[in-house]
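Q: Submitted below is the structure of interest, expressed as structure tokens.
Derivation of every value follows stated rules applied to the coordinates shown; laboratory data play no part. Keep in mind it's a predicted model, so treat the numbers as computed, not measured. Note: ideal-geometry Cβ built from the backbone for every residue, glycine included; neighbour counts use all protein chains shown.
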Amino acid sequence: MMPMEKLLWWLIAGKRGGINRAKIIKKLNDRPYNAHQLAKELDLDYKTIRHHIKVLEENNIIKPAGDAYSKLYFLTGKVEENYDVFQEIWDKVVDK
């Protein structure tokens, strides 16, 4: 398994759409959201949010809770433990 720092760098700085994924991670650090709420909060298309959620889920960055219509997303424990690593990447890549 890829170390968390490398995985976050790859997902945020190494792939197209990384800034949007970083914004989702940042929002979910504050509180859980569903896809519709994230789309509204980040002013992004719902389909765009769904795509990034899928990428983040596949890489064990976020996890869902609830059923299909009320599914909320949370950061995984591993990301919560390494949030300072994410914040460093955010500061270097996103928040220039």
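Q: Just subtract the alpha-carbon distance of N29 and E5 from 0.36 nm times their residue separation and send over the number in nm, one decimal.
A: 7.0 nm
Q: If you don't mind, there's one more thing I want to ask. If contacts are Cα pairs under 8 angstrom and at least 6 residues apart, what is the relative contact order of the stretch 1-81 in percent?
A: 28
Q: Something else: Pull up the cross-link candidates among the lysines for K92, meaning alpha carbon to alpha carbon under 24 Å and not fewer than 8 places away within one chain.
A: List returned: K6, K15, K23, K26, K27, K78.
Q: Based on the mean of other beta carbon atoms within 10 Å per residue, what is the order of 65-74, 16-25, most packed first?
A: Top to bottom by mean Cβ count within 10 Å: 16-25, 65-74.
Q: Please compute, over every Cα-Cα pair in the stretch 4-94, the percentage with a separation greater than 17 angstrom.
A: 41
Q: A further question on this structure: Only helical DSSP H runs with n ≥ 4 go in: add -39500 (n - 2.57) per run for the chain, normalise by residue count and round the 222 nm mean residue ellipticity to 500 deg cm²/dmol.
A: Helix-only estimate at 222 nm: -16500 deg cm²/dmol.
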